[in-house]
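**Student:** Okay, here's the structure, questions in a sec.
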Amino acid sequence: MRYLKILLIVSVIILLLFFFLKDVDLGKVKEILSTVDLIYPVLFFLGLYLQFFIRGYRWGLLLKPHKRKIPLITLYNYTVIGFLLNLLPGKIGEAARGILLAGEVKINRSYGLASVVLERMIDSIMLLMVFWVSLFFLPVHQSQLLTNLRNVSYYVFPFLLLFFLLFYLLNTERMFIYVEKMVRLCARVIPGRFRESLIRFALNFVKGLRLNLSPIDYIKLIGASAMVWIFLIPFYWILMQGFSFGKNIGVLESAPYFCLLVASASIPTPGMAGTFEAASKLGLKELYQVDVNAAAAYTLLAHFLILAVMIIPGLIAFWTKGFHLKTLKADLNSNPGNNAQSDLAAEPEPEQKTDDADNSNIEPREEKPGQEKKYDEMS
């Protein structure tokens, strides 16, 4: 099964790269790249790098109910480590950064993983918002691709809102007892020696999805989430200015192209190989009628810079934290927050002024004969 999966991924990459290189004159691509002023790639690189600090700040807000103060440099380090590991097959960086950070700051692993899930959901909604706003500045009728993207977004958005509503309901005091019963019912298929620890992990994961923030922190979270994407779009536009076609594209007009790239990055190919090229070439040709060779030149330069900004800071942070790719699995298993039992061991921050029911871990009560074991909240 493993080799079949690898074969499938490689086949998809080869197919996408074939369509990307089709009709492309590599000699002309090289000539176009030689005319690009160095200032544009440098600014693009710096912009992509600075986003990691915004993402780190937002991550700290999501984890605030479980750990009030996490240094920004720590959040930054594990953010870039996550981006680095996302270049590997399967995009393991998202889960790994949550686990590794949880181990360092001594919170439950389930809380770290839940914060990553919340990030991705918030990002999806924000990206759709940015895309819709950009439609006011780019006539939809000028491109069939843009019309199709708009129609798809209308179908996707209600599902995302439904997921948010579901997570909210699952984490209310009244509903949580039913969540526990559902988890225990589903866990009956799991062997007994693993069952209790996995139940605890699942329940703590659901609790980790609960955002118990102050109104000010909610405003900060929304602002930081919007800033992640609003901040990035101008730098993709700046890189376009290094090419002749960029002079005819406005900043807001470049937003649909950016959203298409981000959507393609969700496909789990190593280093976005093939998916980025196919999406970028398609977007530039269909949205802005860019020449195929100019589109290929921009795509190759942008992809190279994106990989560089993911690899260089990630490797530095990896080295700073003392991790090694060869021993990553052992590092994950050795972290204090990494197993289900330790998910129950960590206490909430004493300085945290939030409802104990929101931030405490799930602990079992002593079971009476003939009765099913229940879980209660630790006061």
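The values are calculated or read from the model by the stated rules, or taken from the named source; none is laboratory data. Quick caveat: nothing in here was measured; it's all calculated off a predicted structure. With ideal geometry, Cβ positions are generated from the backbone for all residues, glycine too; neighbour counts draw on all protein chains shown.
**Student:** Only residues that are farther than 15 Å from Ala317 by Cβ and charged (D, E, K, R): list them for region 83-134, please.
**Tutor:** Matches in region 83-134: Lys91, Glu94, Lys106, Arg109, Glu119, Arg120, Asp123.
**Student:** Given the criteria part of a helix (DSSP H, G or I), touching a residue at least 12 places away in the same chain (Cβ under 8 Å), closer than 30 Å to Asp217 by Cβ and in contact with a Ser or Thr (Cβ under 6 Å, 6 or more places away or on another chain), does Leu62 qualify? Before you say what the answer is, go through the steps one by one.
**Tutor:** On the way: part of a helix (DSSP H, G or I): yes; touching a residue at least 12 places away in the same chain (Cβ under 8 Å): yes; closer than 30 Å to Asp217 by Cβ: yes; in contact with a Ser or Thr (Cβ under 6 Å, 6 or more places away or on another chain): yes.
It is true that Leu62 is part of a helix (DSSP H, G or I), touching a residue at least 12 places away in the same chain (Cβ under 8 Å), closer than 30 Å to Asp217 by Cβ and in contact with a Ser or Thr (Cβ under 6 Å, 6 or more places away or on another chain).
**Student:** Of the conditions (1) over 15 Å from Ser225 (Cβ atoms); (2) surrounded by fewer than 22 Cβ atoms within 10 Å (Cβ to Cβ); (3) in contact (Cβ under 8 Å) with a residue 12 or more places away in the chain, Leu38 satisfies every one except a single condition; which number is it?
**Tutor:** (3) is the only condition that Leu38 fails.
**Student:** Looking at (1) farther than 30 Å from Ile13 by Cα; (2) at pLDDT below 90; (3) assigned to a helix (DSSP H, G or I), which is the one condition that is false for Arg210?
**Tutor:** Exception for Arg210: condition (3).
**Student:** A further question on this structure: Can you pull out the residues in region 1-37 that are modelled with pLDDT of 90 or more, polar (S, T, N, Q) and in a helix (DSSP H, G or I)?
**Tutor:** Ser34 - this is the single residue of region 1-37 that is modelled with pLDDT of 90 or more, polar (S, T, N, Q) and in a helix (DSSP H, G or I).
**Student:** Same structure again: Among the residues of region 226-236, count how many are aliphatic (A, V, I, L, M) and either assigned to a loop (DSSP other than H, G, I, E, B) or over 19 Å from the mean Cα position of the chain (by Cα) (or both). Show your work before the answer.
**Tutor:** As a first pass, look at region 226-236 and keep what is aliphatic (A, V, I, L, M): 226-228, 230, 232-233.
Add one more test, that the residue is either assigned to a loop (DSSP other than H, G, I, E, B) or over 19 Å from the mean Cα position of the chain (by Cα) (or both), and what stays is none.
Here the count works out to 0.
Each row is one residue, and each column tells you yes or no for (1) among the acidic types (Asp, Glu); (2) without any contact (Cβ under 8 Å) to a residue 40 or more places away in the chain; (3) under 20 Å from Ser110 (Cβ atoms).
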site	(1), (2), (3)
Leu169	no, yes, yes
Glu173	yes, no, yes
Arg184	no, no, yes
Val189	no, yes, no
Phe194	no, yes, yes
Phe205	no, no, yes
Leu213	no, no, yes
Val228	no, no, no
Leu232	no, no, no
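**Student:** Just checking: which of the helices (runs of 4 or more DSSP H) contained wholly in region 73-189 hold 2 or more residues that are loosely packed, with under 13 Cβ neighbours inside 10 Å and more than 12 Å from the chain's Cα centre (by Cα)?
**Tutor:** On the way: elements: 93-105, 109-134, 144-170, 173-186.
Of the helices (runs of 4 or more DSSP H) lying wholly inside region 73-189, those with at least 2 residues that are loosely packed, with under 13 Cβ neighbours inside 10 Å and more than 12 Å from the chain's Cα centre (by Cα) span 144-170, 173-186.
**Student:** Could you list, in sequence order, the residues of region 240-257 that are touching a Leu at 6+ places or on another chain (Cβ under 7 Å) and modelled with pLDDT of 90 or more? Outline the logic, then answer.
**Tutor:** Step one: filter region 240-257 for residues touching a Leu at 6+ places or on another chain (Cβ under 7 Å), giving 253, 256-257.
If the condition is that a residue be touching a Leu at 6+ places or on another chain (Cβ under 7 Å) and modelled with pLDDT of 90 or more, then Tyr257 is the only one that fits.
**Student:** Quickly run through region 5-49 and pick out the residues that are under 23 Å from the mean Cα position of the chain (by Cα) and aromatic (Phe, Trp, Tyr).
**Tutor:** Selection gives Phe44, Phe45, Tyr49.
**Student:** How about region 237-331: which helices (runs of 4 or more DSSP H) wholly inside it have at least 3 residues that are aliphatic (A, V, I, L, M) and touching a Lys or Arg at 6+ places or on another chain (Cβ under 8 Å)?
**Tutor:** On the way: elements: 255-265, 275-288, 292-320.
Because the criterion is at least 3 residues that are aliphatic (A, V, I, L, M) and touching a Lys or Arg at 6+ places or on another chain (Cβ under 8 Å), the helices (runs of 4 or more DSSP H) in region 237-331 that meet it are 292-320.
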